[in-house]
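Trainee: Encoded as structure tokens, here's the structure I'll be asking about.
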Amino acid sequence: MIDEQTPASRMRWWMNLWPPFLFQGIRITEIDAEFQFAVVRVRKTILTRNLMGTTFGGALFSAADPFFPILYWRYLALQGISSTCWSRAIRGEFIQPANRSVELRFVIDTAQLEHACSEMKSHGRIDLEDVVEARLPDGAIAARFHVTSALRGKEPGSAPLHQINSLD
């Protein structure tokens, strides 16, 4: 389905159909072909409203969570570095109610990407922190998320997942 060679357009298509995003009103509107940025929208719908009528914070967290690690993973793959990347930590600040749809712009600058490549080549691992803001249509900030991405190199020929066959 999605692997280290999946193009950005196909990845966007698959992820938009993924049930956790689909049912939380999360829509990826753009992913850069070189995986340096992505734009994600969280729609305010009947399924994403909380008791106060604003967008549920969990939907905003879900939108903020995976994209920096995904961008790093695919960017590193384009540079010939096979890796495993995940969100190691995420911290959110809710600044004002998200009473309309919000947009999150995930951007990784060139210096950060070069630093990631350098560290992965020399040490095989790095943790990086990035910030993304959930903005309302008028540009006001509804929430800010600090995402720590863990990047780890894969051993040549290693399987990405280890299966446990028994509990003995």
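Trainee: Could you tell me the distance between the Cα centroids of the stretch 1-72 and the stretch 109-133, to the nearest Å?
Mentor: Rounded to whole Å, the Cα centres lie 22 Å apart.
Trainee: Calculate the spin-label point distance for residue 111 paired with residue 16, positioning each point 7 Å from the Cα along the beta-carbon direction, and give it in nanometres.
Mentor: Modelled inter-label distance: 3.5 nm.
Trainee: Among 70, 13, 36, whose Cα lies farthest out toward the positive end of the dipole of the stretch 12-168, if unit charges sit on the beta carbon of Lys, Arg (+1) and Asp, Glu (-1)?
Mentor: 13
Trainee: Another question about this same structure. What size of dipole, in debye to the nearest 20, comes out for the chain about its Cα centre when the only charges are +1 on Lys and Arg C-beta atoms and -1 on Asp and Glu C-beta atoms?
Mentor: Working: 18 positive and 18 negative charges, 124 e Å.
That gives the chain a dipole magnitude of about 600 debye.
Trainee: So for the pair residue 100, residue 129, with labels modelled 7 Å out along Cα→Cβ, what separation do we get in nm?
Mentor: That separation, rounded to one decimal, is 3.2 nm.
Trainee: ³J(HN,Hα) across the stretch 122-139 via Karplus (A = 6.51, B = -1.76, C = 1.60, θ = phi - 60°), whole Hz, x for Gly/Pro?
Mentor: 8, 10, x, 6, 6, 10, 10, 10, 10, 10, 10, 10, 8, 10, 6, x, 7, x
Only the coordinates and a few stated rules stand behind these numbers; no lab work does. These figures come from a predicted structure and were not determined experimentally. Every residue, glycine as well, gets a Cβ built from its backbone with ideal geometry; the counts of neighbours run over all protein chains shown.
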